1. Would you mind calculating the gained length between residue 243 and residue 202 on full extension (0.36 nm times residue separation, minus the Cα-Cα distance), in nm to one decimal?
2. Any chance you could list the semi-axes, whole Å, largest first, of the equivalent ellipsoid that the Cα gyration tensor gives for region 98-239, using √(5λ)?
3. Roll a 1.4 Å probe over the protein heavy atoms and report the accessible area of residue 10 in Å², nearest 10.
4. Suppose a student asked you for the relative contact order of region 32-93, using Cα pairs under 8 Å spaced at least 6 residues apart; what percent would you report?
5. With a 1.4 Å probe and all protein chains kept in place, how much accessible area does residue 94 have, in Å² rounded to the nearest 10?
6. Work out how much length residue 17 to residue 89 would gain on full extension: take 0.36 nm times their residue separation and subtract the Cα-Cα distance, in nm to one decimal.
7. Less than 14 Å from a label point 7 Å out along the Cα-to-Cβ axis of residue 66: which backbone N atoms in region 83-100 qualify, by residue?
8. Would you list 187, 51, 28 from the most to the least accessible area, probe 1.4 Å?
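The values are calculated or read from the model by the stated rules, or taken from the named source; none is laboratory data. If you're wondering where the values come from, they're calculated on a predicted model, not measured in any experiment. Every residue, glycine among them, receives a Cβ derived from its backbone with ideal geometry; neighbour counts consider all protein chains shown. When the accessible area is computed, the model is the full protein with side chains, heavy atoms only, and any ligands, DNA or RNA have been set aside. Shrake-Rupley method; radii C 1.70, N 1.55, O 1.52, S 1.80 Å.
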Amino acid sequence: PQFPHPIYRCPDDLVTVDLGLFDSKYGSDRLVGRKTGQTVVPYFDREAIDSARRLDNRGDELVWISSRIDVFFLQIQGSGRVVLEDGTVLHVNYACGNGRPYRSIGRLLIEEGKIAREDMSAQRIRAYLKRHPEEMVGILNHNPSYVFFRLVDAGPLGALEVPLTSGRCIATDLDLFPPGALAFIESEKPVTAADDAVDSWRPFTRFVLNQDRGGAIRGAGRVDLFWGNGAYARTAAGHMQQEGRLYFVVKKENQS
């Protein structure tokens with residue numbers, strides 16, 4: 001009873017349709033859904049899965065955990081670690097998604113005046129949900145997107161199926177930017193106090209590799225930096241929404 005929230009593997013009835021196979025005008029566009037009768041319909045959304053429990057009793061549970069909030073943020077992050085009662089660590093990694101659009105609950109809380117825009121962070125969202133459990137289900141269900149996982153020996157793995165390096169890997173829209181390419185970033189990173197709260201921000205630069213993607217990372221104006229694990233990583237990942245610059249290192253064409 002203390003672990004009521006499942007993390008699911010990719011369901012057997014989830015299908016992906018590559019539209020480019022039908023007409024080149026669709027390029028790399030894909031549809032995700034489920035087959036019912038002789039047609040394909042959209043796959044179950046978050047409300048259907050978590051509230052209506054449409055996936056119950058199908059054997060698709062990888063592991064059960066204590067917090068619905070943790071399941072939600074694991075899906076946002078795309079990978080993570082589950083520590084069992086005996087200390088065993090399971091590495092769970094992205095397997096597939098339900099194809100539904102990503103909607104930000106942070107933006108929802110800002111629009112409803114529940115968290116000020118300048119105060120927004122993953123930590124503030126968690127705190128709000130814990131203080132208002134009666135609102136939690138409705139807020140989480142605002143995001144219909146749902147992620148399914150698989151167990152891996154070590155992780156996390158990025159979109160290239162290569163382990164990510166803390167502080168040195170970024171996620172971009174891989175339909176726009178070259179996968180695996182070397183890049184250079186300029187931005188700000190947090191300086192934390194003794195209680196792991198953000199004390200200040202300072203400029204930083206570094207070389208990174210473009211190794212990952214994400215359901216919320218769309219267009220040219222969004223880059224996520226993988227911070228790794230631990231207290232600082234949680235603080236940095238939860239608060240960082242800084243502006244910056246991204247440069248890809250590209251070999252010059254022969255000028256002769």
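1. Numbers: separation 41, 0.36 × 41 = 14.76 nm, distance 1.25 nm.
Between residue 243 and residue 202, full extension yields an extra 13.5 nm.
2. On the way: eigenvalues 135, 88, 46 Å².
Square roots of five times the eigenvalues give 26, 21, 15 Å.
3. Estimated to the nearest 10 Å², residue 10 gives 50 Å².
4. Numbers: 34 pairs, mean separation 9.0, N = 62.
Taking the mean separation of contacting Cα pairs over the length of region 32-93, I get 15 percent.
5. 100
6. On the way: separation 72, 0.36 × 72 = 25.92 nm, distance 3.45 nm.
Length gained, residue 17 through residue 89: 22.5 nm.
7. Label zone hits: 83-87.
8. Working: 187 25, 51 55, 28 80 Å².
Listed by decreasing accessible area, they come as 28, 51, 187.
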